[in-house]
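Coordinate-derived values only; no laboratory data. Please read all numbers here as calculations on a predicted model, not as lab measurements. Note that each Cβ is placed from the backbone with ideal geometry, even for glycine, and that neighbours are counted across all protein chains shown.
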Amino acid sequence: MLANFSTAGVKPSMSIVYGDDRRRAVSRALEALGGIEKFIKSGDRVVLKVNAAFASPPSLCATTHPELVSEVTRLCFKAGAAKVTVTDNPINDPASCFALTGIDRAARSAGGRILLPQESYFRSYSQPGGRLIRQWPVLFEPFRDANRLIGLAPVKDHHRSGASMTMKNWYGLLGGPRNLFHQDIHNIIKELALMVTPTLVILDGIATMVSNGPTGGSLSDVKPTGTMIVSTDQVAADARGAALLGKKPHDLPHIIKAAGAGAGTADYRSLNPIEVTL
């Protein structure tokens, strides 16, 4: 396990908010779980792991939306966070990706800092019991003094894994020629879910890339789905998010594999999710 960023004593939970206002939806989803203060305390050092993989505009839903980044950053500071770091290891040029997606400006405008990957920020790592993540470079620097981690991911189609959501979002922590794992995509996602235990995951389905993922490229690939999911259980979040792509959890082997390995539950209904309509 890379690190356990969960909050001690907080039981697995989930909230689902329906609406089309991204900022209001994530705020209301957190309120439904007891408020951001339940998860982020005064002095906490928070990492927001975004999906900034591609140098594309937010409207294409290939990356984490900047409105979500700025609102979650703002809420973390409101709860007393000492530092909020926003990071990812994009596929394309990191500076261009963070700029063109709007994530750089969004994070900085809310007081966060952007940490772009450098070779020295990676460390060789082997996932205990893992078959794929063995002596592989993993992005460690953002977590060196962090004690809280929130994953911010869009819901989107993926031509290899069937879907890219919160667990697939950890793929951006891998360095090296990570495309080598594409041939065993469901097992690498499972190992990533075991590698990191986040404080929270936030799955943005306000709009969903339903085709030609993970890059998309046309607004015709995107449809409004009006759903924001917040959970302490990444497997449960993805199990619920699958429906936004017209799928069930068993249609996505990585969800079943991650649940079977103990990373969370695919039976998201067992968390008795709180559902709210804006």
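I'd like the antiparallel share, as a percent to the nearest 5, of DSSP beta bridges with both residues in the chain.
The antiparallel fraction comes to roughly 45 percent.
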Any idea how far apart Lys247 and Asp184 come out in nm if each label point goes 7 Å out from Cα toward Cβ?
2.0
Quick one: P(r) of the chain from all Cα-Cα pairs, 5 Å bins, percents rounded to integers, in order of increasing distance.
1, 6, 14, 19, 22, 19, 13, 5, 1, 0
Let's see if you can work this out: charge +1 on each Lys and Arg Cβ, -1 on each Asp and Glu Cβ, no other charges. What is the dipole magnitude of region 3-277 about its Cα centre, in debye to the nearest 20?
380
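Could you sort 19-32, 144-157 so that the peptide with the highest average Cβ count within 10 Å comes first and the rest follow in order? All intermediate terms of the calculation are to be shown ahead of the outcome.
Values: 19-32: 19.6, 144-157: 23.0.
Going by the mean number of other Cβ atoms within 10 Å, highest first, we get 144-157, 19-32.
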Using a 7 Å offset from the Cα along the Cα-to-Cβ direction at both Ser109 and Lys38, what is the distance between the two label points in nm, to one decimal?
2.9
Nonlocal amide H pairs with Glu275, under 5 Å, H built at 1.01 Å
Ile16
Determine the distance separating the Cα centre of region 187-221 from the Cα centre of region 29-78; give it in Å without decimals.
15
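If you place +1 on the Cβ of every Lys and Arg, -1 on the Cβ of every Asp and Glu, and leave all else neutral, what size is the dipole of region 80-211 about its Cα centre, to the nearest 20 Debye? Walk me through the intermediate numbers first.
Details: 14 positive and 10 negative charges, 42 e Å.
Roughly 200 debye, rounded to the nearest 20.
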Show me, bin by bin at 10 Å from 0, the whole-percent P(r) of region 1-63 based on Cα pairs.
16, 37, 37, 11
